[in-house]
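A.B. asks: Below you'll find the structure I mean.
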Amino acid sequence: MSLFLVRECGAGSAPCTPIFIAAAAAGAGAGGSLWATDLGINNSGDEALTTKFQMLPRGADNTDVPFSDEFIIEPNTNANFIDVWKHFTGGDGAGAINVCVSDPAAAGVITRTYNTSDAGTFGQTIVGMRGAAPAKIGAGEKARLGYLFENDTYRTNIGFMNAGATEITIMAEFFDMEGNSLGTKRTTLAPYSNTQWNRAFTRTPINADDITAGFVDVWTNTVDGAFLTYASIVDNGTGDPTTIWPF
């Protein structure tokens, strides 16, 4: 891990505001891909920013995941964390990240998750989400992930993160480009848990493998529930990913 203009100050209990990164990874993926995530934090404020991390594995109840030690980011500087998942967990894996900061108005959090190949890296950006961010979907709201593909050239992965402290059930209805419903799939997530459906259109009960420009509607009926979602379209030949945010 590389850190620039950051002071590590040990374990602490200072109050902080969560900024969620919905997906991060370290290790091998489909088609011979090899993934890593780098994370940057910019402090645009006039005072030092305190931050600490929770690494939130996929499929787990992450209620009591411990925080990392605290780091201090000096005013008007940027911090760079290389291969952040592997550094903080000590191994390969995937999940979400809680970047908990002392001043969310001053903190800009962004990641680059990338596949490494002989020709270099192919990456996608996933930004930190907090509060009423567009990617945070509440009970009774419906959002759409559009322009999705599943065929010999591209595959689509769809991810969800529970942004709350209680269990949530998330619904997803799949459509082809003409708007024909292909079926509905659901997932139930424990507090602060997350999941990713790799090659989402091929999963039961959708079972589709020739999709061009399809889309997926997502929502929850869980009272007081809230979640983050994204799609990742990956080139099957190069492993080059593109992030799709809901609208």
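The values are calculated or read from the model by the stated rules, or taken from the named source; none is laboratory data. This one's a predicted model, so the numbers in the text were calculated from it and none came from an experiment. Neighbour counts are summed over all protein chains in view; Cβ atoms, including those assigned to glycine, are modelled from backbone coordinates with ideal geometry.
A.B. asks: Please give the number of the condition GLY32 fails out of (1) touching a residue at least 60 places away in the same chain (Cβ under 8 Å); (2) surrounded by 15 or more Cβ atoms within 10 Å (Cβ to Cβ).
C.D. replies: The single condition GLY32 does not satisfy is (2).
A.B. asks: For residues that are of a type in the set (A, V, I, L, M, F, W, C) and either free of Cβ contacts under 8 Å to residues at least 12 places away in the same chain or touching a helix residue (DSSP H, G or I) at 6+ places or on another chain (Cβ under 7 Å) (or both), scanning just segment 203-223, find the one that is farthest from GLY183 (Cα to Cα).
C.D. replies: The extreme case among them is ILE211.
A.B. asks: For segment 232-247, which positions are in a loop (DSSP other than H, G, I, E, B), of a type outside the set (Phe, Trp, Tyr) and surrounded by fewer than 20 Cβ atoms within 10 Å (Cβ to Cβ)?
C.D. replies: ASN236, GLY237, THR238, ASP240
A.B. asks: Between residues in segment 94-108 that are hydrophobic (A, V, I, L, M, F, W, C) and residues that are surrounded by fewer than 22 Cβ atoms within 10 Å (Cβ to Cβ) and in a loop (DSSP other than H, G, I, E, B), which pairs lie under 6 Å by C-beta distance while being six or more apart or on different chains?
C.D. replies: From residues that are hydrophobic (A, V, I, L, M, F, W, C), the pairs are ALA94/ARG58; CYS100/CYS16; VAL101/CYS16; ALA106/SER44; ALA106/GLY45.
A.B. asks: Here's a follow-up. For segment 216-227, state whether one or more residues are buried (at least 19 other Cβ atoms within 10 Å of the Cβ), at pLDDT 95 or above and within 29 Å of SER117 (Cβ to Cβ).
C.D. replies: yes
A.B. asks: What's the total number of residues in segment 46-66 that are surrounded by fewer than 19 Cβ atoms within 10 Å (Cβ to Cβ) and either aliphatic (A, V, I, L, M) or without any contact (Cβ under 8 Å) to a residue 24 or more places away in the chain (or both)?
C.D. replies: Number of matching residues: 5.
A.B. asks: Ok, one more. Restricting attention to segment 67-114, which residues are of a type in the set (Val, Ile, Thr) and surrounded by fewer than 18 Cβ atoms within 10 Å (Cβ to Cβ)?
C.D. replies: ILE72, THR77, ILE82, THR89, ILE110 - these are the residues of segment 67-114 that are of a type in the set (Val, Ile, Thr) and surrounded by fewer than 18 Cβ atoms within 10 Å (Cβ to Cβ).
A.B. asks: So, THR195, is that one touching a residue at least 24 places away in the same chain (Cβ under 8 Å), farther than 14 Å from ILE233 by Cβ and either polar (S, T, N, Q) or assigned to a loop (DSSP other than H, G, I, E, B) (or both) or not? If you could, list the steps in order and put the result at the bottom.
C.D. replies: Details: touching a residue at least 24 places away in the same chain (Cβ under 8 Å): yes; farther than 14 Å from ILE233 by Cβ: yes; either polar (S, T, N, Q) or assigned to a loop (DSSP other than H, G, I, E, B) (or both): yes.
So THR195 passes the test.
A.B. asks: Among the numbered criteria (1) surrounded by 15 or more Cβ atoms within 10 Å (Cβ to Cβ); (2) at pLDDT below 95; (3) of a type in the set (Asp, Glu), which single criterion is violated by ASP118?
C.D. replies: Checking ASP118 against (1) surrounded by 15 or more Cβ atoms within 10 Å (Cβ to Cβ); (2) at pLDDT below 95; (3) of a type in the set (Asp, Glu), the one that fails is (1).
A.B. asks: Where in segment 83-142 are there strands (runs of 3 or more DSSP E), lying fully within it, with 2 or more residues that are touching a helix residue (DSSP H, G or I) at 6+ places or on another chain (Cβ under 9 Å)?
C.D. replies: Where strands (runs of 3 or more DSSP E) fall fully within segment 83-142 and carry at least 2 residues being touching a helix residue (DSSP H, G or I) at 6+ places or on another chain (Cβ under 9 Å), they are 93-101, 107-117.
Okay, residues lined up against (1) assigned to a strand (DSSP E or B); (2) in contact with a Leu (Cβ under 9 Å, 6 or more places away or on another chain); (3) crowded, with 16+ Cβ neighbours inside 10 Å:
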| residue | (1), (2), (3) |
| --- | --- |
| ASP152 | no, no, no |
| ILE170 | yes, yes, yes |
| GLU173 | yes, yes, yes |
| GLU178 | no, no, no |
| LYS185 | yes, no, yes |
| PRO191 | no, no, yes |
| TYR230 | yes, yes, yes |
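A.B. asks: Further question on the same structure: Could you tell me which numbered condition ARG144 fails, if it satisfies all but one of (1) closer than 15 Å to ALA231 by Cβ; (2) at pLDDT 95 or above; (3) basic (Lys, Arg)?
C.D. replies: If we test ARG144 against (1) closer than 15 Å to ALA231 by Cβ; (2) at pLDDT 95 or above; (3) basic (Lys, Arg), just (2) comes out false.
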